Ligand SMILES: CC(C)(COP(=O)(O)OP(=O)(O)OC[C@H]1O[C@@H](n2cnc3c(N)ncnc32)[C@H](O)[C@@H]1OP(=O)(O)O)[C@@H](O)C(=O)NCCC(=O)NCCS
């Protein structure tokens, strides 16, 4: 597999936005400024998947100080990463994950997610992970389930199409 995982850079912004628009309904698309702040704040956790040098997908994350339960406000789309980011945090919040489907023969979502999670485990002192997913995003939910995430909370009418939001949590294996 000739896929390279590398931190996103500001120069990738246009391609990130292309993939964002291909992947998400316009009402849930986040803008270039949101991605720029993620890249500036936490380059090690905002990773691109590259095929022959071309960006074909991304995995975005934040580090949070671990709390047993978070206010649902925290999961608001397009929130500024700097609001909750804690460099010493051990909870990995996955803020975005998408692939350009035209390269699915080169990289499947499951492979990409497992690669990124493995990279984060090796390079940061993360102990647990948390994310919000729409109940309509079946492939993503299945990938998270297979990685070890379980549902901890449902938020009614969380997404613009009135879809439920699901907060999922997982623990990294002790290394
Ligand atoms: C999420 C995304 C990266 C998944 O990529 P993908 O290449 O389609 O994923 P995979 O082919 O690896 O599928 C993952 C698993 O879900 C399963 N799956 C996919 N669609 C399914 C469905 N409708 N019902 C049940 N299972 C399904 C697959 O069978 C696969 O499991 P398997 O490998 O055990 O067979 C891609 O669809 C994407 O970018 N979507 C838009 C953005 C998005 O939803 N991001 C998630 C944000 S939280």
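Please treat every number below as a calculation from the coordinates, not as lab data. A quick note: this is a predicted structure, and the numbers were derived from the prediction, not measured. So basically every Cβ, Gly included, is an ideal-geometry build from the backbone, and we count neighbours across all protein chains shown.
Listing for the model above:
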read-out: Largest to smallest principal axis extent of the C-alpha atoms in region 1-104, angstrom; value: 40, 29, 23
read-out: Using distinct alpha-carbon pairs, which all enter the 1/r mean, Kirkwood radius of the chain in Å; value: 16.3
read-out: Cα centroid separation, region 73-139 to region 1-38 (Å); value: 13
read-out: Normalised per residue, the volume of the convex hull around the Cα set of region 5-50 (Å³); value: 70
read-out: Distance between modelled label sites at residue 108 and residue 152, nm, 7 Å Cα→Cβ extension; value: 2.9
read-out: Approximate spin-label separation residue 90-residue 135, in nm, with each point projected 7 Å along Cα-to-Cβ; value: 3.3
read-out: Max mean-square fluctuation residue, GNM over the chain, Cα-Cα springs under 10 Å, options 48, 33, 57; value: 33
read-out: For region 72-175, alpha-carbon Rg relative to the globular expectation (2.2 N^0.38 Å, N residues); value: 1.10
read-out: Relative contact order, percent, the chain [alpha-carbon distance under 8 Å, six or more residues apart]; value: 19
read-out: Label point distance in nm, residue 6-residue 128, each placed 7 Å from Cα along Cα→Cβ; value: 3.5
read-out: Gaussian network model of the chain, Cα within-10 Å springs - most flexible of 144, 35, 70; value: 70
read-out: Segment residue 29-residue 145, extension gain: residue separation times 0.36 nm, minus the distance between their alpha carbons; value: 39.4 nm
